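Here the structure is laid out as structure tokens; the discussion comes afterwards.
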Amino acid sequence: MAGEQAGGNAGGALHRFFDSDIFHSFKGSPVVVIAAVLTVACILAATFAPWVAPHNPFDLRTLNLLDAFTPPSWTERGNPAYLLGTDDQGRDVLSTIIYGSRMSLVVGLLATILAMIVGVTLGLVSGYAGGRIDAFIMRVADIQLSFPAILIALLIDGVARAVLPKGSHDEVVVYVLILAIAASGWVGYARTVRGSTLVERNKEYVQAARVIGRHPVAIMFSHVLPNVLGPVLVLATLQVGAAIITESSLSFLGVGVPPTQPSLGTLIRVGNDFLFSGEWWITVFPGFALVLLVLAINVLGDWLRDALNPKLR
Amino acid sequence: MSATIVLRAATLAAALAFGAAADAKTLRWSSQGDILTMDPHAQNEGLNNAVSDHIYEPLVTRGKDLKIEPCLATSWKAVSPAATQFKLRPGVRFHDGTPFTADDAVFSIERALAPTSNFSPYMQGITGARKVDEQTVEIATRGPNPVLLAQLTEVRMMSKAWAARHNVLKPQDYKNKEETYASRNANGTGPFVLKSREADVKTVLVLNSNWWGKMEGNVNEIVYQPIKQDGTRLAALLSGEVDFVLDPPPQDIPRLKKDPKVKVVEGNENRTIFFGFDQWRDELQYASVKGKNPFRDQRVRQAFQLAIDVNALKTQVMRGLSTPTAVMFAPQVDGYDRALDAVTKPDRERARKLLAEAGYPQGFEVTLDCPNNRYINDEKLCQATAAMLAQVNVKVRLNAMPRATYFAKIQKFDTSFYMLGWGVPTFDSLYALQSLLRTVGQGGDGNFNLGKYSNPKVDAAIDALKTETDPAKRKALTREALAIHKADVGHVPLHHQVIPWAMRANVSVVHRADNRLVARWVKVN
């Protein structure tokens, strides 16, 4: 084909992308298109929260306690200024969701990236080096797999609370949370990458690289890594959803992010107190937003897995 | 062969269990936070005292109408203005079987006087006790004490031999996180025996079949379980997992009242919620202001008061279930004066002006310490207050924590701005004034004056109140102390709590203004 040699040409690349199998499979499935639009919309809204959100729910000066518990605007006592109603502090629920999904996405993405870096590195080392190193890393992974992710995250968070000096916890809690979720998620990457590496390591190009005397680290990262990255990206997409759920569960249990910088899980927890008294919108809308976000990401991940799998084409 | 025996044993056990189940009435009781300690002299806190009352008993107690009645003492008389003799109830035994004697009573009073005791407000004016004979003790006071009996309702009796055996002769030092045998075990004379205790999970009390008094209810086991989350606690009640909830969330009361499976009994509590300020340090610990303490300036405290709209807190946070107030104790307390209890109208303009005059035109940042499982909607009140203070440019960092951590922290005066609720079990103003307003000193003086408010004129009035016996003069002294304190804005009172109790429809209880559930009066049908 003529386009193949013009790899540097941006228009050509774009054209090639629109012409590719992946894009065709994307276009062919309306569910995936909706999921992609939703994900992008969520990410954009979260990124530009200060401009998108109708109110700034964390500027206490703008809050009026007398506006608290306003129901959604389409109901009888609703106020058009608050589309999805207000919570117990008089904060606009829509705005808190936008700001909350920001926190959820940041934690979810960073935790996934961190888990990916750790998992891929360990998987490469394990698969390429083999022997005792391999056995050791994989046994650690096996042990960790026997605990649910949330338990490990709870443990790390609990230890951090005890170890960190009083008062500093609130500042670092987000990082602790990212670390905790990442620590519970690296195993999946390590196992996948190790499996692929075991296959790749005996191929001719790797042997050739070894023969010409390249350093093992260089072989791992510049030769093997690009060839095992496909499944990792699929896994990462699915893991973002899982990380967001873990973060929300922790926040729902009250050990996640503090109420002053809430995530969706914190919002659901706060609203839960008012479920019995009939103020359903405080908890239902953040819950709905969480389901929608995670569902959209998972649909994308599933599609990506199928699209990249040559056997399913 | 052995299988048959096991089978028989199992059948027998099952039969026993079912036989017991037929008339076993367990009261499953829940509220948001756990009991702090089992030591009866370590933490003077409402729920703790309520549970302690089932295990340990005082010399005199309060009946259903809150009148003082005999308990471990059957009669008493003043032998001089500075001494009162109590005849002890004969035949009373501790849970471990040892008899209750004058030695135990003397020991318990001395224990409550010890430095680590948290019950010093109830020991006000008491100098000691001595044994007259096996069944008589004499309590010595500093001059006449008009509220001696009211104070003694909260001084619970322990066994001296048991305390000596387990090395708990001194009360547990709660605020320094000491753990002792008595903080997890108990041996009293009361109608219930501590069977098991798992902190923050479950505490089980069983009926003391050798109790001296008459059981009016039919409860033979109490299971106390703290459930912090409002929704979860309520769901437990609605589903029948618990029988009684001491502190249902105010927002859910209308729904509970409609549910035929549940009933709500409500009344005004003798407890006042307020904010206090660090007024003694030269530099505020947890604030953005360096080198000085804004709360030492009356204008700043007044600005805070003007910024906080207690009526909005009532309607939005408490759902109408509170009585906004401007004084430090509730109308049930002797010495209450309605004339002083006029709520300040919020005025943000003036608050901003006062802050500017005091040298904080841009406001400042301060940390508010707040419990999150002690008072009704405590954390929500603090959050709402933070938003109100933001309107006058004061940035509040909210530090909400569970009661066990909270009380240990603030009792060390380790706070800049805090929330506290004060009930008055003696139903006399002195208890509140002495604990909260009096300059921190010996005995009960200022023992919960955690921001160290201090005004010599208030101190003089309170000290006079300690020995004054004429009711009219007592009222005048109370009024004087309160009026000065109010002008000083020593604290910012919010409201008196209204306490709805929620229970399953088959449970009947006696509602008391001191928020104490008394299980021996409870009937479970």
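Counting just the residues of region B:350-390 that are among the basic types (Lys, Arg) and at pLDDT below 95, which one comes out farthest from B:ILE308 (Cα to Cα)?
Out of the qualifying residues, it is B:ARG374.
Suppose we keep only residues that are under 27 Å from the mean Cα position of the chain (by Cα) and buried (at least 17 other Cβ atoms within 10 Å of the Cβ) within region B:333-349. Which one would you say is modelled with the lowest pLDDT?
B:THR344
Condition first: within 14 Å of chain A (Cβ to nearest Cβ) and assigned to a loop (DSSP other than H, G, I, E, B). Can you find one or more residues in region B:257-271 that meet it?
There is at least one residue in region B:257-271 that is within 14 Å of chain A (Cβ to nearest Cβ) and assigned to a loop (DSSP other than H, G, I, E, B).
Scanning region B:272-296 for residues that are outside any strand (DSSP E or B) and hydroxyl-bearing (Ser, Thr, Tyr), which turns out surrounded by the most Cβ atoms within 10 Å (Cβ to Cβ)?
B:TYR286
Only one of (1) more than 21 Å from the chain's Cα centre (by Cα); (2) farther than 27 Å from B:ALA464 by Cα; (3) surrounded by fewer than 19 Cβ atoms within 10 Å (Cβ to Cβ) fails for B:ALA199. Which number is that?
(1)
Filter region B:444-470 for residues that are of a type in the set (Gly, Ala, Ser) and in contact (Cβ under 8 Å) with a residue 60 or more places away in the chain; which is surrounded by the fewest Cβ atoms within 10 Å (Cβ to Cβ)?
If we take residues in region B:444-470 being of a type in the set (Gly, Ala, Ser) and in contact (Cβ under 8 Å) with a residue 60 or more places away in the chain, then B:SER454 is surrounded by the fewest Cβ atoms within 10 Å (Cβ to Cβ).
Sort out for me the strands (runs of 3 or more DSSP E) sitting completely within region B:53-119 that have 2 or more residues that are without any contact (Cβ under 8 Å) to a residue 24 or more places away in the chain and farther than 21 Å from B:PHE427 by Cα.
Per the criteria, B:73-80.
Hey, B:THR203 hits all of (1) within 20 Å of B:MET419 (Cα to Cα); (2) more than 14 Å from chain A (Cβ to nearest Cβ) but one; which does it fall short on?
Only one criterion is unmet by B:THR203, namely (1).
For the condition within 20 Å of A:ALA180 (Cα to Cα) and either away from chain B (no Cβ under 14 Å) or under 20 Å from the mean Cα position of the chain (by Cα) (or both), what is the one hit in A:GLY287, A:GLY256, A:GLY301?
Unique residue meeting the criteria: A:GLY256.
Output the residues belonging to region B:163-213 that are among the basic types (Lys, Arg), in contact with a strand residue (DSSP E or B) (Cβ under 7 Å, 6 or more places away or on another chain) and without any contact (Cβ under 8 Å) to a residue 60 or more places away in the chain.
Answer for region B:163-213, where residues must be among the basic types (Lys, Arg), in contact with a strand residue (DSSP E or B) (Cβ under 7 Å, 6 or more places away or on another chain) and without any contact (Cβ under 8 Å) to a residue 60 or more places away in the chain: B:LYS195, B:LYS202.
It is to be established whether one or more residues within region B:393-403 are touching a residue at least 24 places away in the same chain (Cβ under 8 Å), out of contact with any helix residue (DSSP H, G or I) (no Cβ under 6 Å at 6 or more places or on another chain) and more than 14 Å from every other protein chain (Cβ to nearest Cβ).
Yes, that holds for at least one residue.
Out of curiosity, is B:VAL289 touching a Phe, Trp or Tyr at 6+ places or on another chain (Cβ under 7 Å), farther than 30 Å from A:ASP273 by Cα and either modelled with pLDDT under 95 or of a type in the set (Gly, Ala, Ser) (or both)?
Considered against the rule, which asks whether it is touching a Phe, Trp or Tyr at 6+ places or on another chain (Cβ under 7 Å), farther than 30 Å from A:ASP273 by Cα and either modelled with pLDDT under 95 or of a type in the set (Gly, Ala, Ser) (or both), B:VAL289 comes out as yes.
Rundown of residues vs (1) among the acidic types (Asp, Glu); (2) touching a Gly at 6+ places or on another chain (Cβ under 7 Å); (3) more than 13 Å from B:PRO493 (Cα to Cα), yes/no style:
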| residue | (1), (2), (3) |
| --- | --- |
| B:ARG271 | no, yes, no |
| B:ASP278 | yes, yes, yes |
| B:PHE304 | no, no, no |
| B:THR315 | no, no, yes |
| B:MET318 | no, no, yes |
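Take the residues of region A:90-101 that are touching a helix residue (DSSP H, G or I) at 6+ places or on another chain (Cβ under 6 Å) and within 14 Å of chain B (Cβ to nearest Cβ): which is farthest from A:LEU290 (Cα to Cα)?
A:GLY90
So which pairs qualify, if the first residue must be in region B:363-380 and within 11 Å of chain A (Cβ to nearest Cβ), the second must be aromatic (Phe, Trp, Tyr), the Cβ gap must be under 7 Å, and the two must be at least 6 apart or on different chains?
Every condition considered, the pairs that remain are B:THR367/B:TYR286; B:THR367/B:PHE417.
Name the residue that is surrounded by the most Cβ atoms within 10 Å (Cβ to Cβ), counting only residues in region B:33-53 that are among the acidic types (Asp, Glu) and farther than 19 Å from B:LEU169 by Cα.
Only one residue fits best here, namely B:ASP53.
Output the residues belonging to region A:259-284 that are facing chain B (nearest Cβ under 9 Å) and farther than 16 Å from B:GLN229 by Cβ.
The answer is A:THR260, A:GLY278.
Run B:VAL223 past the list (1) away from chain A (no Cβ under 11 Å); (2) more than 20 Å from B:GLY33 (Cβ to Cβ); (3) among the hydrophobic types (A, V, I, L, M, F, W, C) and report the number of the one that doesn't hold.
Result: B:VAL223 fails condition (2) only.
Out of everything in region B:297-317 that is within 14 Å of another protein chain (Cβ to nearest Cβ) and either free of Cβ contacts under 8 Å to residues at least 12 places away in the same chain or among the charged types (D, E, K, R) (or both), what residue ends up being surrounded by the fewest Cβ atoms within 10 Å (Cβ to Cβ)?
Ranking the qualifying residues of region B:297-317, first place goes to B:THR315.
Look through A:ARG91, A:ARG102 and report the one residue that is within 14 Å of the chain's Cα centre (by Cα) and either without any contact (Cβ under 8 Å) to a residue 40 or more places away in the chain or farther than 30 Å from B:THR315 by Cβ (or both).
A:ARG102
The values are calculated or read from the model by the stated rules, or taken from the named source; none is laboratory data. All values derive from a computational prediction rather than experimental measurement. When we count neighbours, we look across all protein chains shown, and the Cβ atoms used for this are built from the backbone with ideal geometry, even at glycine.
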